[in-house]
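I have placed the structure first, in the form of structure tokens, so that the comments after it can refer back to it.
Please treat every number below as a calculation from the coordinates, not as lab data. This structure is a prediction, so every number in the text was calculated from the model and none was measured. Glycine gets a Cβ as well: all are built from the backbone with ideal geometry, and neighbour counts include every protein chain shown.
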Amino acid sequence: MVLPAPANRIVNTPAAEDAILSLQGITRRFGSVLALDEASLVIRPGTVHALLGENGAGKTTLMRVAFGLLKPDAGTIRLRGAIRTIPSPAVALALGIGMVHQHFTLVPAMTVAENVALGRHGRYNPRAASARVRDVASRAGLSLDPDALVSTLPVGAQQRCEIVKALARDVQLLVLDEPTAVLAPSEAAELLRWIRRFADAGNAIVLITHKLRDALAIADDVTVLRRGRTVLAIRASSTNESGLANAMLGNEMTAAAGVASVIASDEVALVTATTGAPVLVADAIHVADPRGVERVRGATLRVHAGEIVGIAAVEGEGQHELLRVLAGRCEPTSGSLQRPDVVGFVPEDRHHEALLLESSLVENIALRGAGARRGRMPWSALRDTTASIVRDYNVLTSGVQSPVRALSGGNQQKLVMGRELIDAPAALVVVNPSRGLDFRATAAVRDSLRSARLAGAAVVVYSSDLDEVLLLADRIYAMHDGVLTETPNDRESVGRAMLGGSSPSGA
């Protein structure tokens, strides 16, 4: 399809020879799909550059070209004014370009020091590797234990490990893909402060994000991609959220309409529904992790049919173990638990826990109920079911037999949500429902949760984004140090309870 010329002017673009990195006319196809259509991006030294666009706009693809993971079909890459070919990440790192991916690339069974040393030449020296991590982390102001196993680290520490892994290669340009998507508010604020310090030291950061507020708060320059094209390049001080939203959505939806539709979806009071009997009931349950460490201590809660209960917590307070118990993925070590035989579950990490990326959409839908299915696979019925999910949840795909890897993150999340709601389960547990999604996909996923509630499901939602919990939940429980406490639905009360304090009402 031939797109109309972008309506937005590209302004304030520095000359390529003055940039630390300049990508000009970058084109990249995947079969018949045009992922990048003569896209451009110019990064000035000493700046934070926000790269924005809807899911599938080409942001990550463009930066994978810069990092040597993808070869462009056409276009020019200049690094500090010189034309370069970047055939691999190893070459990119040697040239001072690093990238921290949205889905981490760490080896869980290895220590932090071992992960940071991966890819180096010569014999591994544990003492020298640990010293290198301590030195880099200390100079960057990032707290990190080099001898800790990655599998034991909370997500915030894993992200710090990815950053230190790049900094240990002495990179001067660092690409961060959705870095705050899985962080608690305090961790996100700490990371943004570090990003600013890194850029102020003369380096450069490319920040791929869907959070317009974060982009405007920290970025010096902003570039917006739409359908693989660069439609806006501007100083952050010369634009606002509406202007960026308009560039992202283009003629399909004006900024006012696009932002307003999401705000209306979120801020409208949840339609009153008659709650039914308790569906998920936990009484004084305790849960230990695989190492035998008690993560949930005497948790009691009730979730009724027709309500959304939110769980609010900073990372590592026991919420993930609690959610897996409620979803039937593991059992409590003690206490009483009542749950339905079938509980829909949308986990945090869709790539490792929800989807088979190389398999087709149909094969991924077939995973629902696979453990109880007997006899021959009903492929014809599964294709029809998949087509219905694609239609009802507006999953953008070239066909139900396409591999899931070809879908954008938002479309992958909508597919998982549709699959888990196929048989109208009595209960649904969802973790970080809008992680890494643009605001249109976020609105669609949140509407699915509200629809499940109105259909009578008992819904439990955990999000590292406190605003999302406050927007979705009828009732909220805060979790701190494994202890669960019901709290009033306001930011101050929930925030205090998340940190282990009591709310003003004493909840």
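Rounded, prolate or oblate: which one fits segment 128-207, using the alpha carbon gyration tensor with axes a ≥ b ≥ c (rounded when a/c is under 1.5, else prolate when a/b beats b/c, else oblate)? Because a/c hits 1.5 or more and a/b fails to exceed b/c, segment 128-207 counts as oblate. Residues whose amide H lies under 5 Å from that of Val346, counting only those 5 or more places away or on a different chain, are Val429, Val430, Val431; hydrogens are built 1.01 Å from N in the peptide plane. The 3J(HN,Hα) values that the Karplus relation (6.51, -1.76, 1.60; θ = phi - 60°) gives for segment 80-94 are, in residue order, 6, x, 9, 5, 10, 10, 10, x, 7, x, 4, 5, 4, 5, 5 Hz. Gly and Pro appear as x.
Model label points for Ser32 and Cys330, set 7 angstrom from Cα along the Cα-to-Cβ axis, are 4.5 nm apart. For Asn203, the residues whose modelled amide H falls within less than 5 Å of its own, excluding neighbours fewer than 5 places apart on the same chain, are Gly46.
Relative contact order of the chain, taken over Cα pairs closer than 8 Å and 6 or more residues apart, is 15 percent.
For segment 307-406, applying the loop criterion from DSSP together with a ceiling of 10 other beta carbons within 10 Å to the trypsin sites (Lys or Arg not before Pro) yields Arg374, Arg376.
Extension gain, Asp18 to Val107: 0.36 nm times the residue separation minus the Cα-Cα distance gives 28.3 nm. Each Lys and Arg Cβ is given +1 and each Asp and Glu Cβ -1; about its Cα centre, segment 109-168 then shows a dipole of about 220 debye.
Using the Cβ-Cβ distance between Asn240 and Arg376 with R0 set to 41 Å, the FRET efficiency from 1/(1 + (r/R0)^6) comes to roughly 0.10.
Rounded to the nearest 20, the size of the Cβ-charge dipole of segment 278-498 about its Cα centre is 740 debye, with Lys and Arg at +1 and Asp and Glu at -1.
Quick check for you: which residues of segment 276-298 have the amide N under 16 Å from the point 7 Å beyond the Cα of Glu486 toward its beta carbon? Under cut-off, by backbone N: 276-285.
The overall shape of segment 109-168 is oblate: from the C-alpha gyration tensor, with semi-axes ordered a ≥ b ≥ c, the ratio a/c is 1.5 or greater and a/b is no larger than b/c. Here the dipole of the chain is about 1380 debye; that uses its Cα centre as origin and unit charges on the Cβ of Lys and Arg (positive) and Asp and Glu (negative).
When a/c is below 1.5 the answer is rounded, else prolate if a/b is larger than b/c, else oblate, so apply that to segment 278-498 with a ≥ b ≥ c taken from the square roots of the Cα gyration tensor eigenvalues. In terms of gyration-tensor shape, prolate. Between helix 155-167 and the chain there is an angle of about 10 degrees, using the helix long axis and the longest principal axis of the Cα atoms. Cα axis of helix 126-140 to longest principal axis of the chain: angle in degrees, 0 to 90, nearest 10? Its long axis makes an angle of about 80 degrees. Between amide H atoms placed 1.01 Å from N, distances below 5 Å from Val483 occur with Arg297, all of them 5 or more places distant or on a separate chain.
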